[in-house]
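Please read the structure below before turning to the comments.
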Amino acid sequence: MRFMIMHKNDPRTEAGQPPPMKVVHEMGAFIGEYASTGRLIDGAGLGASATRTRLVFRKGQCTAQQGPYQGARELPAATLLLKVRTRDEALGWAERYGRILGDGELEVGKVNEPWDIGLMPAPENPPLQMLLIEKADEATESGGRSPQQLAALARLKTEMTEAGVLVRSMRLQPSAKAKRLTFTDNQMRTLDGPFVESKELIGGFAVMELSGMEATIEMCQRYAAILGGTLEIDVRRVEPD
């Protein structure tokens, strides 16, 4: 089974501070353990909300809000990892994506690179990796997009792939099949979905191939301990390809 584990943004990240190097190395070793056995599918950290843009679609109009901002409707339904030259290029693709969905909300945020967290000097003119997050709504929580929307999204993703922009896309199952893990001093409290809302911005995610929810929660306990032991994690099932 494939799971997306999402930890929420924290004050240090929101202030634009890189994680302590001890955390970077411990998380690298932890993730490497899963990568070496083929269980790690994907993963990334996101920067502060100042590095993100929220796109709101209402009655055919698109309104862009540049961060910093607080979380509002942060329950994701799908993610797309984009590799682009500029932020405006990513926003252009995101607006086309959002117009297919109609009324709704997207977020586009820069993915942290090794040089953003102090592991290496930044190369000259590197491409931007941006995560497009499609926010959940009544349709995705109750069963999914219409066949017409899915067909239009498939055509757009094909165009994005041919343009060398789309690196990977994942659609999540409804939150009714999810769990929210709240850690306080490494003590875990579990909440079963569905979730009416999530107001905490996503700080990062990992996609793992694991045997089931029990194994995933066990992994999350180690994951949370590395990140300080006080945080919130959502565990979501990924739709099969």
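Give me the three principal axis extents of region 1-91 from the C-alpha atoms, as integers in angstrom, largest value leading.
Each principal axis gives a Cα extent; for region 1-91 these are 47, 32, 28 Å.
So for the chain, taking the charge dipole from beta-carbon charges (+1 Lys/Arg, -1 Asp/Glu), which of G143, A64, G102 sits furthest toward the positive end?
Positive-most Cα among the choices belongs to G102.
Please report, as a whole percent, how much of the solvent-accessible surface of the chain comes from carbon and sulfur atoms (probe radius 1.4 Å). Working shown, then result.
Working: 6240 of 11940 Å².
The computed percentage sits at 52.
Going 7 Å from the Cα of K157 in the Cα-to-Cβ direction, what parts of region 68-100 have a backbone nitrogen less than 12 Å from that spot?
78-81
Under 20 Å from the Cα of K179, which lysines turn up, not counting those fewer than eight places away in the same chain?
Once the sequence-local lysines are set aside, what remains near K179 is K8, K135, K199.
Can you pull out the GluC sites (Glu not before Pro) in region 108-177 whose DSSP state is coil and whose Cβ has at most 15 other Cβ atoms within 10 Å?
Working: sites: E124, E134, E138, E141, E159, E162; in loops: E124.
Filter output for region 108-177: E124.
Order R12, R39 by their accessible area, 1.4 angstrom probe, all chains in place, largest first. It would help to have the intermediate numbers written out before the result.
Numbers: R12 105, R39 75 Å².
From most accessible down to least: R12, R39.
If I model a spin label at L119 and E239 as a point 7 Å from the Cα along the Cα→Cβ vector, what separation in nanometres do I get?
So the label points at L119 and E239 sit 3.0 nm apart.
Quick one: what does P(r) look like for region 1-54 with 5 Å bins over all Cα pairs, in whole %?
Answer for region 1-54: a P(r) of 4, 15, 21, 24, 17, 12, 5, 0 percent.
Eigenvalues of the Cα gyration tensor times 5, then square-rooted: what semi-axes does that give for region 102-241, in whole angstrom, largest first? Each step should come with its number before you reach the end.
Working: eigenvalues 146, 118, 36 Å².
Output for region 102-241: semi-axes of 27, 24, 13 Å.
Hey, can you find the accessible area per residue of region 139-241 for me, probe 1.4 Å, expressed in square angstrom?
On the way: 5280 Å² over 103 residues.
Per residue, region 139-241 has an accessible area of 51 Å².
Once fully extended, how much extra length lies between A225 and Y69, figured as 0.36 nm per residue of separation less the alpha-carbon to alpha-carbon distance? Mind showing how you got there, number by number?
On the way: separation 156, 0.36 × 156 = 56.16 nm, distance 2.74 nm.
In short, 53.4 nm is gained.
When averaged across all projection directions, what area in nm² does the alpha-carbon convex hull of the chain cover?
Numbers: hull surface 51.1 nm².
It is 12.8 nm².
Normalised by the empirical 2.2 N^0.38 Å for globular proteins, what value does the Cα Rg of region 30-80 take? Provide the component values of the computation, followed by the final result.
Working: Rg = 16.0 Å, N = 51, 2.2 N^0.38 = 9.8 Å.
My calculation over the Cα atoms of region 30-80 gives 1.63.
The values are calculated or read from the model by the stated rules, or taken from the named source; none is laboratory data. The shown structure was predicted, so the numbers you read here are calculated from the model rather than taken from an experiment. As a convention, Cβ positions derive from the backbone with ideal geometry for all residues, glycine included, and neighbour counts pool all protein chains shown. Only protein heavy atoms, including side chains, enter the accessible area calculation; ligands, DNA and RNA are left aside. Shrake-Rupley method; radii C 1.70, N 1.55, O 1.52, S 1.80 Å.
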